[in-house]
Amino acid sequence: MMLSVVAEGYCDILACRKLIHSTGHEIEREFNCRGKGNLDKRLHGFVAAAEHFDWLVLRDLDADDICAPQLIARLVRTPLPARLRFRIAVRAVEAWLFSDAGSLATWLKVSEGAVPRDPEALADPKAAMAHLAARSRDRNLREGMTPDPHSGARVGPEYESCLADFVQNHWSPESAIEAGRSNSLGRAMAALKAL
C-alpha cells in the first residue's frame, strides 16, 4: 500500500519510513512540516485528503495534553477518516528511539544501563537524549548533540543531523517494539500492519 506521510521534522519522517517499510508498505509523498505548529495549522487539509488517499500523520504529544486521545480530539473535531493513521508519539519520537536501548547505547557509546528504561514517562525526551549524549565517549556526538550551557538551547547544534544518522542507519523499530518500552510505538506499528 502507498501512504503519504506527515511529520513534525526530519527525524520523525525517517522514523515513519522505517515503520512503513517494516510493515511492507511504500511511501508516496512526504511532508516535513518543520514543527508541530505548522503541522497543526495544516492538519485539517491532511485529514480532508485522507478521505481519498492513505495517510500517516505523526505528531509528538509533548506537554500539549495529558494523553494522545485527548490531543487528537482537540486537534481534529471531526471523526477521523478510515484511511488516516494519526499517531501520537508519547511524549516525543525520542521515546521510540530510547526503546531500542541496545542500538542507541552502541551508537552513542554509552552503557546500555544509562538509557532510560521507561521513556514514555520522561517529561522531556529530547532533553533527556541530549543529556545522555553528554555522556558519550564519541566527541563529535557529545559536542554536536549537547547544548552549550550558556546558549539556553535544549539541544546542541547538530542534534537533528546526528539523531537522523541513528534513525536511518541504526534504529530498529522491531527491536524497540520487542523491548516493550513504548506503547505508542507498538500501537503505531499495529495500525500500519492493520492496513
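The values are calculated or read from the model by the stated rules, or taken from the named source; none is laboratory data. None of the values given here were measured: they were computed from a predicted structure. All Cβ positions, even for glycine, are placed from backbone atoms using ideal geometry, and neighbour counts span all protein chains on display.
Table for the structure above
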{"item": "Whichever residue in segment 55-82 is basic (Lys, Arg) and at pLDDT 95 or above and, among such residues, is nearest to residue 125 (Cα to Cα)", "result": "59"}
{"item": "Residues of segment 1-39 classified as charged (D, E, K, R) and out of contact with any helix residue (DSSP H, G or I) (no Cβ under 6 Å at 6 or more places or on another chain), total", "result": "6"}
{"item": "Flag for residue 40 being surrounded by 14 or more Cβ atoms within 10 Å (Cβ to Cβ), assigned to a loop (DSSP other than H, G, I, E, B) and not basic (Lys, Arg)", "result": "no"}
{"item": "Lone unmet requirement of (1) closer than 22 Å to residue 94 by Cα; (2) surrounded by fewer than 19 Cβ atoms within 10 Å (Cβ to Cβ) for residue 5", "result": "(2)"}
{"item": "Residue 115, sole failed condition from (1) within 17 Å of residue 14 (Cα to Cα); (2) crowded, with 21+ Cβ neighbours inside 10 Å", "result": "(1)"}
{"item": "Those helices (runs of 4 or more DSSP H) lying entirely in segment 76-175 with at least 1 residues within 22 Å of residue 19 (Cα to Cα) and either touching a residue at least 40 places away in the same chain (Cβ under 8 Å) or among the aliphatic types (A, V, I, L, M) (or both)", "result": "93-98, 101-108, 125-133, 159-169"}
{"item": "Residue pairs meeting the criteria (Cβ under 6 Å; at least 6 apart or on separate chains; first closer than 12 Å to residue 59 by Cβ, in segment 6-23; second among the basic types (Lys, Arg) and surrounded by fewer than 24 Cβ atoms within 10 Å (Cβ to Cβ))", "result": "8/36"}
{"item": "Selected residue [in a strand (DSSP E or B), in contact (Cβ under 8 Å) with a residue 12 or more places away in the chain, not hydroxyl-bearing (Ser, Thr, Tyr) and not assigned by TED's automatic domain parsing to the domain that holds residue 121] from 71, 58", "result": "58"}
{"item": "Boolean, residue 64 is over 18 Å from the mean Cα position of the chain (by Cα), surrounded by 15 or more Cβ atoms within 10 Å (Cβ to Cβ) and either among the charged types (D, E, K, R) or over 21 Å from residue 193 (Cα atoms) (or both)", "result": "no"}
